[in-house]
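What follows is a single structure, and I will ask about it in a moment.
The values are calculated or read from the model by the stated rules, or taken from the named source; none is laboratory data. The shown structure was predicted, so the numbers you read here are calculated from the model rather than taken from an experiment. Quick reminder, even Gly has a Cβ in these numbers, built from the backbone with ideal geometry, and neighbours come from all protein chains shown.
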Amino acid sequence: MTANVLVLFFAQSRELTGLKQEEVAAVPTPISSQDLWRLLLRRHPRLSVLQDQVVLAVRQQYVAIGDQVVTLGDGDEVAVVPPLSGG
Amino acid sequence: MSEEPRDVFRLSRDWLSVQEAVDAVNSTSCGAVSVFIGTTREDQVGSRKVIGLEYEAYESMAQSEFTKLCADIRERWPTVMHVCVHHRLGWVKVGEASVVMAISSPHRGDGQQAIQHCIEQLKANVPIWKKEVYDTQEASWKENLECRWSAHRQETPIINQQ
């Protein structure tokens, strides 16, 4: 199965890709967060700057890059989340 | 007559009013309002001076993370009445407030503890980012020590939420 998702880029990831968001079609699902991150890296190699200091947020839930498997549906938001610095 | 507890979260491009945050948590059942104000320091980084901060947020998720944070506060300190957090977006000059928090409680003990926890957890979990801008026109994205996936942290992040 695949899903068309909306990827959101924040902070440094936005600067690295030059994009605030993009639609990514036909993302395999279910998918591990590691594979999802790799898919994003293939589209935007400059994101590798964030390697080991990034997590994703799928439907507004944080997901560490690793073995965790996520299921994606059409229209889901997947955010690239560099280290936080609010407050 | 019991009062409905309020959780108020606002992201604002305008300067923040401490009085507004205090008014948002006011309650005749409360003898204490605990307040925290985070302001922009004029840090020196090497030969460069910070002139301001640029803030951005994943707004919808910041709201949902704030809701979880308030639930956490209320579980730990059940006497807490109202919680209000106002946070800046956009450009914040040195000296201006970037965040104002106010928590009301019947007695000061719970409110004082809750407000400390509130700023710590905001820094750890709420998707907001700031970039320091220097007088040399360079800029650098900051990372909170509290954030589990920041470069400062040694341990592997284990933060998958159910």
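Could you list, in sequence order, all residues of region A:1-34 that are crowded, with 16+ Cβ neighbours inside 10 Å and part of a helix (DSSP H, G or I)?
Of everything in region A:1-34, those that are crowded, with 16+ Cβ neighbours inside 10 Å and part of a helix (DSSP H, G or I) turn out to be A:Ala11, A:Gln12, A:Ser13, A:Arg14, A:Glu15, A:Leu16, A:Thr17, A:Ser33.
Hey, another quick one. For residues that are in a helix (DSSP H, G or I), hydrophobic (A, V, I, L, M, F, W, C) and facing chain A (nearest Cβ under 9 Å), tally how many sit in region B:117-137.
Quick first cut of region B:117-137, residues in a helix (DSSP H, G or I) only: B:117-125.
Checking which are hydrophobic (A, V, I, L, M, F, W, C) leaves us with B:118-119, B:122, B:124.
Subsequent filtering for residues that are facing chain A (nearest Cβ under 9 Å) retains B:119, B:122, B:124.
Going through region B:117-137 one residue at a time, the tally reaches 3.
Please work out which one of (1) within 14 Å of another protein chain (Cβ to nearest Cβ); (2) among the hydroxyl-bearing types (Ser, Thr, Tyr); (3) farther than 26 Å from A:Gln12 by Cβ; (4) assigned to a strand (DSSP E or B) is the condition B:Ser98 fails and give its number.
(3)
Shifting gears a bit: Does B:Ile73 meet the test of being in contact with a strand residue (DSSP E or B) (Cβ under 7 Å, 6 or more places away or on another chain), modelled with pLDDT of 95 or more and either part of a loop (DSSP other than H, G, I, E, B) or not hydroxyl-bearing (Ser, Thr, Tyr) (or both)? Lay out the reasoning, then the answer.
On the way: in contact with a strand residue (DSSP E or B) (Cβ under 7 Å, 6 or more places away or on another chain): yes; modelled with pLDDT of 95 or more: yes; either part of a loop (DSSP other than H, G, I, E, B) or not hydroxyl-bearing (Ser, Thr, Tyr) (or both): yes.
So B:Ile73 fits the description; yes.
Would you point out which residue out of B:Glu54, B:Glu75, B:Glu59 is within 11 Å of chain A (Cβ to nearest Cβ), exposed (fewer than 15 other Cβ atoms within 10 Å of the Cβ) and closer than 28 Å to A:Ala79 by Cβ?
B:Glu59
In addition: For region A:68-79, state whether one or more residues are facing chain B (nearest Cβ under 9 Å), touching a strand residue (DSSP E or B) at 6+ places or on another chain (Cβ under 8 Å) and of a type in the set (Asp, Glu).
Keep residues of region A:68-79 that are facing chain B (nearest Cβ under 9 Å), which gives A:68, A:77, A:79.
Among the residues that remain, those that are also touching a strand residue (DSSP E or B) at 6+ places or on another chain (Cβ under 8 Å) are: A:68, A:77, A:79.
Restricting the remaining residues to those that are of a type in the set (Asp, Glu) gives A:77.
Yes, region A:68-79 has at least one match.
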